[in-house]
Structures are given as C-alpha cells and as structure tokens.
1. Checking Ser178 against (1) of a type in the set (Gly, Ala, Ser); (2) within 13 Å of the chain's Cα centre (by Cα); (3) modelled with pLDDT under 75, which test does it fail?
2. Within segment 86-101, is even one residue free of Cβ contacts under 8 Å to residues at least 12 places away in the same chain, in a helix (DSSP H, G or I) and either among the polar types (S, T, N, Q) or in contact with a Phe, Trp or Tyr (Cβ under 6 Å, 6 or more places away or on another chain) (or both)?
3. From the list Lys35, Lys58, Lys72, which one is loosely packed, with under 15 Cβ neighbours inside 10 Å and either modelled with pLDDT under 90 or among the aliphatic types (A, V, I, L, M) (or both)?
4. Taking the options Phe90, Phe110, name whichever one is aromatic (Phe, Trp, Tyr), at pLDDT 70 or above and under 30 Å from Ile162 (Cα atoms).
5. Inspect all residues belonging to segment 136-149 and state whether any of them is part of a strand (DSSP E or B), closer than 22 Å to Phe48 by Cβ and modelled with pLDDT under 70.
Amino acid sequence: MILLEPEYLPRVNYFKDIANQNIRYEINLNFDRSKLFDKAYLCNENGFFSVKVPTIIKNNFKYQRDIKIDYKQNWINSHMQSLQSSYGKFPYFIFYIDSIKQVLNLNHTFLVDLNYDLLSLFLDLLNFDQKLSKTTSFNSFNYKNTIFNDETSLSSIKEVDIMRKDFFLGKNFDYRISIVDLLFLKGPESGFYIRNF
C-alpha cells in the first residue's frame, strides 16, 4: 500500500514507486504553497516552466481538501495552449490531449478532486492496474511507502534532453517533468518505461 499526496499533472517520478501497488490518495494533508498540489512542470523549446491552477485560498483553510479552483481566470485555455505549444509536435499528442482536456473541463469545485481524476486518467493511460482510493485519515506510520511531492529544478532544454536520454537508456530514473511529457513522447510505451527503467 502506498500513500500519495495529490499533485496536478504529476511528474513521471511520481509514478515510479506505485507500479503494482494499491494507492491511497490522501486528501487531509495540510496545505503548503511550496508543494506541487496546484502546479506542474512542462518543457518547451526554451526549457523548463511551470503552469499553475489558480485557487481560492482563505486564511482559515488548513487542508488541501478545502482549496477551491478559481474559475474567474481562464486557466484551462491557458494550460491547453501551453500543452499545445510545448507538445503539439510530439508523436502521441493527438492521442491523449482530448482525454486531458475532458477532465479539465469537468469544472471541479475542489482542486483535490481535479487532481484525483487526472491521476486516475494517467494510471489508466499507463496501463497501471492498481486500485486508487481516497483517504482522510493520514498516518504515515501505517504505510510502508509514503510519497510526498517536492519542488524540482531544471533550467535549460539541454538539461531536459539529458534527463530524457538517461531515462530512456535506463541509466537513471530521474524524470522531473509532468507525465504528459512522457505520454506525448512515447505513447503506449510510457508505462513500460516507468515499470522497467
């Protein structure tokens, strides 16, 4: 059993330890602005950049489950444009973009629910068979493996190319960009790469 912290458009590294394991998706964690709960990292020809889901955060919000998405901003269109401009020429872009857009267009009230639905979609696209369930009783001592997200740092396209090359050669599992990067690049082989490299 693995306990996961929610992440928006999760990084490939997020999936490396969850193959063939049941997943508990924790929605009762404290909200921390430094985490990847509301942002994702993508890459275009200029290098590495982040996209962020605008949220409504009040002073009394303590838990991630309380964070609402701010639809006053046209963030879905902006994120779709970022995906198109960054990955539109990748070989599998056309096969996956509509599924991602469909989840984004569900207009979730809470960010934790959007992240859950995206994670479910990616697990399906990667052909991961494990069960995913939500939990509200966080106690990391009950779980052998707990995955918390953290910030990442890449700056240039050269660094990203080296990271991809090392990963595909099986040299080093360090793929710090969103899973969409791998899916749009390798398509149905993506799950195989994660499970085997």
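1. (3)
2. Within segment 86-101, not a single residue is free of Cβ contacts under 8 Å to residues at least 12 places away in the same chain, in a helix (DSSP H, G or I) and either among the polar types (S, T, N, Q) or in contact with a Phe, Trp or Tyr (Cβ under 6 Å, 6 or more places away or on another chain) (or both).
3. Answer to the check: Lys58.
4. Numbers: Phe110 fails: under 30 Å from Ile162 (Cα atoms).
Within the list Phe90, Phe110, the selection yields Phe90.
5. Within segment 136-149 (the criterion being part of a strand (DSSP E or B), closer than 22 Å to Phe48 by Cβ and modelled with pLDDT under 70), the answer is yes, since at least one residue qualifies.
The values are calculated or read from the model by the stated rules, or taken from the named source; none is laboratory data. Quick caveat, the model's predicted, so the values are computed rather than measured. Ideal geometry is used to build each Cβ from the backbone, glycine not excepted, and the neighbour counts take in all protein chains shown.
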